[in-house]
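Notes for the one structure printed next.
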């Protein structure tokens with residue numbers, strides 16, 4: 001089963017890290033990612049740009065409304081994600097725990113992923 005591990009944190013905290021602190025966190029996360037990759041379980045990984053770069057399409061309007069910024073006003077923002085292949089939720093939680101040990105604060109949300117492949121698109 002594929003799991004999405006969604007990375008949440010307070011954007012003001014993460015964006016406030018010094019370049020050295022950010023580099024240190026990224027090195028620790030890279031070590032965990034390399035371990036997952038060695039087992040053939042690591043899929044796409046993305047670090048999202050700050051919410052100041054976001055654009056939201058509000059589809060509850062007619063016509064839909066495009067606004068700058070994220071839709072949700074929350075204390076923690078979605079800052080990135082991992083897609084990992086895990087045999088069970090327990091294995092996905094173990095993977096998230098390893099990532100959490102490398103990255104202070106915030107939260108990880110785990111969700112099973114159902115692949116959607118419209119006809120004509122490559123697998």
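Values quoted throughout were computed directly from the atomic coordinates according to the rules given, and no laboratory measurement underlies them. These numbers come from a predicted model, not from an experiment. Here the Cβ positions follow ideal geometry from the backbone for every residue, glycine too, while neighbour counts run over all protein chains shown.
Note on the range 72-81: residues that are touching a residue at least 60 places away in the same chain (Cβ under 8 Å) and in a loop (DSSP other than H, G, I, E, B) total 2. Scanning the range 82-103 for residues that are in contact with a strand residue (DSSP E or B) (Cβ under 9 Å, 6 or more places away or on another chain), touching a residue at least 40 places away in the same chain (Cβ under 8 Å) and over 15 Å from residue 40 (Cα atoms), we see that the one that is surrounded by the most Cβ atoms within 10 Å (Cβ to Cβ) is 96. A single entry from 74, 56 fulfils the requirement of being in contact with a strand residue (DSSP E or B) (Cβ under 6 Å, 6 or more places away or on another chain) and surrounded by 10 or more Cβ atoms within 10 Å (Cβ to Cβ): 56. For the range 13-30, the candidate set comprises residues that are surrounded by fewer than 13 Cβ atoms within 10 Å (Cβ to Cβ) and over 17 Å from the mean Cα position of the chain (by Cα); within that set, the residue that is nearest to residue 114 (Cα to Cα) is 23. Note on the range 42-71: residues that are part of a loop (DSSP other than H, G, I, E, B), within 16 Å of the chain's Cα centre (by Cα) and within 19 Å of residue 4 (Cβ to Cβ) amount to 4. Number of residues in the range 1-14 that are outside any strand (DSSP E or B) and in contact with a helix residue (DSSP H, G or I) (Cβ under 9 Å, 6 or more places away or on another chain): the value is 3.
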